[in-house]
Amino acid sequence: LALLEIGGERLPPLEFAATDLVRAGERYAFTGFPIGMVLGMYPVTHEAIISSISPIAIPQGKARQLDPSMIRQLQQPWDVFQLDGTAYPGNSGSPLYNPDTGKVIGVVNMVFVKSSKENVLSDPSGIAYAIPSRHARALMEEARSR
């Protein structure tokens, strides 16, 4: 993500919605420029439902697979939105928004790759993740205070 200051006439900003009201099963959309070099630089909109609101901590099968960073994540996990929509390279950073109101509830940040990165186009998993907008808002406020 980037916080940009652009001169000239102001564009209407996207509004952040309260993420504490988001529930699994709700429908949202994300718009981005996936696979730019293949599809060209045209925006694409995908629709997805929130499949799960789950912690970003991934448990390991064996204790020796844990490192200090993973242990901190397991002790203080924060939630992400799991989506049933197919996102591709280039969708990262796309706003996840309510298609009826345009209010942003998150930012697409990760795609579950089930085989290899080379096969993500021909064999997508259909699972993507988004960071709740409260985290993006906190980052913007921190950047503005500097």
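Test of understanding: what is the full-extension gain from Ala143 to Met41, defined as 0.36 nm times their sequence separation minus their Cα-Cα distance?
Working: separation 102, 0.36 × 102 = 36.72 nm, distance 2.87 nm.
Length gained between Ala143 and Met41: 33.8 nm.
Summing Lys, Arg as +1 and Asp, Glu as -1, what charge do residues with Cβ under 14 Å from the Cβ of Ser54 carry, Ser54 excluded? Walk me through the intermediate numbers first.
Details: positive: Arg23; negative: Asp79, Asp84.
Overall, the nearby charge balance is -1.
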Subject >> Distant-in-sequence amide H partners of Leu83 (H built 1.01 Å from N, under 5 Å) >> reply: Ser51, Ala128, Tyr129, Ala130
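Note down the net charge around Gly85, summing +1 for each Lys or Arg and -1 for each Asp or Glu among other residues with Cβ under 12 Å from its Cβ. Can you show the working numbers first?
Working: positive: Arg27; negative: Glu47, Asp84.
That sum, taken over residues with Cβ under 12 Å, equals -1.
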**OP:** May I ask you to derive the FRET efficiency for Glu9 and Ile53 from their Cβ-Cβ distance with R0 = 35 Å, giving the value to the nearest 0.05?
**Re:** 0.40
**OP:** Give the long-range amide H neighbours of Phe16: residues separated by 5 or more places, or on another chain, with amide H under 5 Å away, using H modelled in the peptide plane at 1.01 Å from N.
**Re:** Val104
Original post:
Non-local amide H neighbours of Ser94 (under 5 Å, H modeled in plane, Pro and chain starts lacking H): which ones?
Top reply: Val108
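Quick note: the coordinates plus some simple rules give every number you see, no bench work behind them. As the structure is a prediction and not an experimental result, all values here were calculated from the model. No Cβ is skipped: glycine too gets one built from the backbone with ideal geometry, and neighbour counts run over all protein chains shown.
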